[in-house]
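Quick note: the coordinates plus some simple rules give every number you see, no bench work behind them. Just so it is clear, the structure is predicted and the values come from calculations on it, not from any experiment. As a convention, Cβ positions derive from the backbone with ideal geometry for all residues, glycine included, and neighbour counts pool all protein chains shown.
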Ligand code: SF4
Ligand code: SF4
């Protein structure tokens, strides 16, 4: 579970290898509590706080004992195997305080979409657990006891957060208690008033993965006939950014080779984003396809990235690519260097 490597022993006084999540992070999954939910790197696992968690009492002193164990081992150069090559792992002076400021609510209990790439379809053992629990009592308890502090990031993702019975109450509670940086990954099929308020107050950020520029391709990817509704939700969220915070709403495009990997579809998506008043262009690559093909990326994928980047510049939008596409471009640059 831990791997020793001298390169992880800091030469600088009072510093060691850690990350914001080991130090002050907590993730509520449907069936476990973890330190983080990052899995796109070589280690590809999240350090655990507790398995089989389905809403039991959390003993906070025990939770921080576990976090302090991770800290102690990392100080000795013994890194959690799940953290190997994680881009968040870095050498720094950490404050060592027992509090949480990075929260991820990844509940996976409800969804109104059926994306062909959905993680849950490939992991039925994790998602067939029927029991669910409410997060709100934990959030209140943490905040009232001074365990949860504003200043970090509060994210919702995994399933469709806006369908959670407690979503509106949770976001409203966080806003009323002066939290900010509330990030929501949503299908966009359901509009949320609380999320709209968070965007309006420049304290919320929403990413809607549309993955298409037409209802035909949308239905191939999402397997539900909701393209128009999603576009309308995005337009309404974008209206909240009229005066400030114009980068707070984005419509992501996950390239799925064989389904939506055409210039025409990307162009339609970009034009729909412009019409909705969006200022951010976010591109990603489907995870399973990427894992199977990362050493043999066909040339047209690079062309799509370059096209989206060029058009994003012409449309004056902020161009972002996620970790997988960053790796695709890094690998290509490495190959070019080797050939020169
Ligand atoms: S280093 Fe990466 S994998 Fe490890 S806890 Fe931090 S974010 Fe998670
Ligand atoms: S919106 Fe998310 S949880 Fe729902 S089907 Fe798509 S990928 Fe899965």
Which peptide among 175-184, 101-110, 47-56 comes first, and what is the full order, when sorted by highest mean count of other Cβ atoms within 10 Å? 101-110, 175-184, 47-56
Is the chain rounded, prolate or oblate when judged by the Cα gyration tensor, a ≥ b ≥ c being the square roots of its eigenvalues, rounded requiring a/c under 1.5 and prolate requiring a/b larger than b/c? oblate
Summing -39500 (n - 2.57) over the DSSP H runs of n ≥ 4 in the chain and dividing by its residue number, what mean residue ellipticity at 222 nm do you reach, to the nearest 500 deg cm²/dmol? -11500 deg cm²/dmol
In what sequence do 136, 1 fall when counting other Cβ within 10 Å, fewest first? 1, 136
Separation between Cα centres of the range 167-181 and the range 43-94, rounded to whole Å: 26
Could you tell me whether the range 104-261 comes out rounded, prolate or oblate from its Cα gyration tensor? Rule is a ≥ b ≥ c as square roots of the eigenvalues, rounded for a/c under 1.5, then prolate if a/b exceeds b/c, otherwise oblate. oblate
By the mean-Cβ-within-10 Å protection proxy, highest first, 244-253, 292-301 rank as 244-253, 292-301
Hey, can you rank 16-29, 58-71 by average C-beta count inside 10 Å, highest first? 16-29, 58-71
Cα gyration tensor shape for the range 194-340, rounded if a/c is under 1.5, else prolate or oblate: prolate
Alpha carbon centre of the range 191-264 versus the range 266-340: separation in Å? 17
